[in-house]
Structure formats: structure tokens, C-alpha cells
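So the structure is just underneath, and the comments pick up after that.
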Amino acid sequence: MLVTAAFKGERVAARRLAARMQLSEAQALSQVLTLAAGAAGLAQLLADREQLRLRDEERRLARQAHAAHKLAARKASLQTSAAWRGWFDGSAHPNPGQIGIGALLCGPDGQRVEISRREGHGNSSEAEYLALTALLEAAVEMGASGLAVCGDSQVVVNDVNLGAVRGAKGLEEHRARVVALMSQLGEVQLRWVPRHRNGDADRLSQQAVAG
């Protein structure tokens, strides 16, 4: 807790004190922080620093949420009506377990592609990513351009929209594949929808597992 509460300069001072006085770094840091606390005492300093840390964390999360909202709004404003539309859903039974993926791709001239198949074993996030990948692969094969994609997985939608810098750990290969496919399709919107608005894709993914 002392290390977490200490500022960078205080940690540097503690290391120097430890070397000079032959103390452990913990002992030296305690002395440095006690001196910094003054009359208020070390306990009060630690409590104040913890409150400061929590406020900084809240601000960081707020900035991240604001950035995600702005990105989603910007993407939505780029294209109000897409020529092609797609929905995807993946499920794992149990989780992790057998993966079933479902996707529906609809084109401006009545084209309709349904995808419903098993995709080995994995967890629910992997299942959602595999469903999105299959949808985008079908869109590339159909020569689609101007594509709006909807899915009910906030994990996958946020992971793709936020990019590699702030993306989820363990999904890097799936994200890279999706981004590569999207780059072949021109303008692609990817947004989250609640499950009840993703019925066709959900039905196709459940059908794959049941089959």
C-alpha cells in the first residue's frame, strides 16, 4: 500500500535513503511518507492518497467512455444508410464449450445470406468474434460495400471500435482478422444492439449448436 500511495519522487528518495542507511525499501519509504505526512500522520496521508487515486481512476474511466461514445457517434454520422446490412451472434454451450455461430447478410437488391454452423470449442467472446468474421467473409465474397453490422456482444463491438491500444487481451488475433476484412469492404459501421433486436442471428447460432 505504501508503494501505491507514494509519488515517484518519494519512491526515488526512499531508495536513496535505503541505500544510505542500510534499510529495507519498505522501511525507508515509511520514513519518507511519515515525514511528508507531517502533523496529520501517516494514516491520514494514506487515506488522502487513496481518495486521490480513486478520483483519478474515475476520471480515466470517464474519459475512456466519452472517447468511445464520440467514436460511435462519428461512425454513425459517416453513413446514415448502408447499402448492405448484417447481423451476427455466437454462442458457447457450456461457456466455454461447443461454439455455434449465426449471421445474416442482406443486400440492396434482395440478396440474403444465412450462416449457421459449428466452429469447434471456445468461450462466448471467441464465438461472437467467429460469427462476425464469418459475416464479413461472406460480405467480401458478395462484393458488398457500405455495410452496417449489428451484434449484441458489447465485448466484441467495443473491442473492434476501440482498437488494439485499448482492446481486450486474448482476442488480438480475432480482432486483427476482423479489421483486415473490414478494410476490404470500404465503409463499415459496427454497433451494438440488444439481444431482442438480433433475433435472426441468435436463432441461427442456436440452430447450429442444436443441429
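What follows is calculated from the coordinates using simple rules that are stated; it is not laboratory data. Keep in mind that this is a model prediction, so the values were computed, not measured. Neighbour counts run over all protein chains shown; Cβ positions are idealised from the backbone, glycine included.
Within the shell of other residues whose beta carbon sits under 15 angstrom from the beta carbon of Val140, the net charge comes to -2, with Lys and Arg scored +1 and Asp and Glu -1.
Placing +1 on each Lys and Arg Cβ and -1 on each Asp and Glu Cβ, with no other charges, gives the stretch 1-115 a dipole about its Cα centre of roughly 500 debye.
Taking the chain as the reference, fit the longest principal axis to its C-alpha atoms, fit the long axis of helix 25-37 to the helix C-alpha atoms, and give the angle between the two in degrees, 0 to 90, nearest 10. Taking Cα atoms only, the helix is inclined about 80 degrees. Mean separation of Cα pairs under 8 Å and 6 or more residues apart, divided by the residue count, gives the stretch 87-171 a relative contact order of 30 percent. Peptides 60-70, 114-124, 11-21 ranked from most to least packed give 114-124, 11-21, 60-70, packing being the mean of other C-beta atoms within 10 angstrom over each peptide's residues. Placing unit charges on the Cβ atoms only, positive for Lys and Arg and negative for Asp and Glu, gives the chain a dipole magnitude near 900 debye about its Cα centre. Against the set (1) -0.29, -1.05, -1.34; (2) -0.46, -0.97, -1.28; (3) -0.40, -1.11, -1.33, the structure's computed log10 I(q)/I(0) by the Debye sum over Cα atoms at q = 0.08, 0.16, 0.19 Å⁻¹ falls on (2). The packing ranking, built from the mean of other Cβ atoms within 10 Å per residue, places the peptides 192-205, 133-146, 93-106 in the order 93-106, 133-146, 192-205, highest first.
Given +1 at the Cβ of Lys and Arg, -1 at the Cβ of Asp and Glu and no other charges, the dipole of the stretch 96-211 around its Cα centre is 240 debye to the nearest 20.
With everything on Cα atoms, drop me the angle between helix 124-141 and the longest principal axis of the chain, reported from 0 to 90° to the nearest 10. In the chain, helix 124-141 runs at an angle near 50 degrees to the longest axis. Of the residues Ala26, Gly151, Thr133, the one whose Cα sits farthest toward the positive end of the charge dipole of the chain, with +1 on the Cβ of Lys and Arg and -1 on the Cβ of Asp and Glu, is Ala26.
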